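The values are calculated or read from the model by the stated rules, or taken from the named source; none is laboratory data. Note that the structure is predicted; figures quoted are calculated from it, not measured. Cβ: placed from backbone, ideal geometry, glycine included. Neighbour counts: every protein chain shown. Protein only, heavy atoms only, side chains kept; ligands, DNA and RNA dropped before computing areas. Shrake-Rupley method; radii C 1.70, N 1.55, O 1.52, S 1.80 Å.
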Amino acid sequence: MSTEPIASKHAPEPSVHGLRLFGLGLALAWLLIDQATKWWILEHAMKPPEVLRIAPFLNLVLGWNRGVSFGMLGGHELPPWTLALFSGTIATALLVWMFRMRDRLVVIGLALVIGGALGNTLDRINHGAVTDFLDFHLADWHWPAFNMADVGVVCGAALLMLDSFVRRDSDAV
């Protein structure tokens, strides 16, 4: 009789430490992508109120979001530090959640949300508002301008939702 373990049909579970490092690295990478694209837009690409047409459906524009998602609450005079504190607190809570997870898809989703949240938090601290520049449109209908931090938040949230739909927990009813 052999004492070697039976080969698993599933991929080996990554170490918790390795998964944490992967998540932190991805969050940092997304934060750097966000900040690099905003730096390029502010320093080299845009001179407001300039609009750069990239494709029939995409323009680069420079906008400042002083509100929350999609400019909500932008008409209210909230000090930038309040939204920065709020998003920083959320990013910290998500980091704790990420450190407790062992599922790679969840870690990726959380890392993208964390990187995006931190990117927009840095904008609020450095500029008093979030730098938005991607303007997708269809004819005269324009989606609210956004940035790479927002892309990370939306894609990360989508991955978390996907995970909740495909996960086969033994607790499921």
Practice problem: Would you mention how many residues in the range 105-126 are out of contact with any Pro (no Cβ under 8 Å at 6 or more places or on another chain), over 21 Å from Ser164 (Cβ atoms) and not polar (S, T, N, Q)? | Solution: 4
Quiz item: What do you reckon, is Gly63 under 30 Å from Arg167 (Cα atoms) and in contact (Cβ under 8 Å) with a residue 24 or more places away in the chain?
Solution: no
Quiz item: Gln35 is checked against (1) at pLDDT below 90; (2) surrounded by 10 or more Cβ atoms within 10 Å (Cβ to Cβ); (3) not hydrophobic (A, V, I, L, M, F, W, C) and fails just one. What number does that condition carry?
Solution: (1)
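Take Asp169 and tell me if it is surrounded by fewer than 22 Cβ atoms within 10 Å (Cβ to Cβ), modelled with pLDDT of 95 or more and charged (D, E, K, R). Even if it seems obvious, please write down each step before you answer.
Numbers: surrounded by fewer than 22 Cβ atoms within 10 Å (Cβ to Cβ): yes; modelled with pLDDT of 95 or more: no; charged (D, E, K, R): yes.
Spelling it out, it is not the case that Asp169 is surrounded by fewer than 22 Cβ atoms within 10 Å (Cβ to Cβ), modelled with pLDDT of 95 or more and charged (D, E, K, R).
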Practice problem: Just give me the residues in the range 25-64 being under 20 Å from Pro144 (Cβ atoms) and acidic (Asp, Glu), in sequence order. | Solution: Asp34, Glu50
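Of all residues in the range 36-70, count the ones that are assigned to a loop (DSSP other than H, G, I, E, B), among the β-branched types (Val, Ile, Thr) and over 24 Å from Pro80 (Cβ atoms). Even if it seems obvious, please write down each step before you answer.
First pass over the range 36-70, keeping only residues assigned to a loop (DSSP other than H, G, I, E, B): 46-51, 56-57, 66-68.
Now drop any that are not among the β-branched types (Val, Ile, Thr), which leaves 51, 68.
Add one more test, that the residue is over 24 Å from Pro80 (Cβ atoms), and what stays is 51.
Qualifying residue count, the range 36-70: 1.
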Self-check item: Conditions (1) loosely packed, with under 15 Cβ neighbours inside 10 Å; (2) over 18 Å from Leu26 (Cβ atoms); number of the one not met by Arg124
Solution: (1)
Quiz prompt | The one condition in (1) at pLDDT below 95; (2) closer than 28 Å to Met161 by Cα; (3) assigned to a helix (DSSP H, G or I); (4) of a type outside the set (Ser, Thr, Tyr) that Arg102 fails to fulfil | solution = (3)
Quiz item: Among all residue pairs at least 6 apart or on different chains, which show Cβ distances below 8 Å where the first residue, located in the range 86-102, is more than 11 Å from Gly23 (Cβ to Cβ) and open to solvent by less than 70 Å² (accessible area, probe 1.4 Å) and the second is charged (D, E, K, R) and not in a helix (DSSP H, G or I)?
Solution: none
Quiz item: Within the set of pairs 6+ apart or on separate chains, which have a first residue in the range 21-48 that is over 22 Å from Ala93 (Cβ atoms), a second that is open to solvent by less than 70 Å² (accessible area, probe 1.4 Å) and of a type in the set (S, T, N, Q), and C-beta atoms under 6 Å apart?
Solution: Lys38/Thr131
Quiz item: Does at least one position in the range 130-138 carry a residue that is out of contact with any Leu (no Cβ under 6 Å at 6 or more places or on another chain) and free of Cβ contacts under 8 Å to residues at least 60 places away in the same chain?
Solution: no
Quiz item: Which of the following residues is modelled with pLDDT of 95 or more, under 23 Å from Asn126 (Cβ atoms) and not aromatic (Phe, Trp, Tyr): Leu95, Leu85?
Solution: Leu95
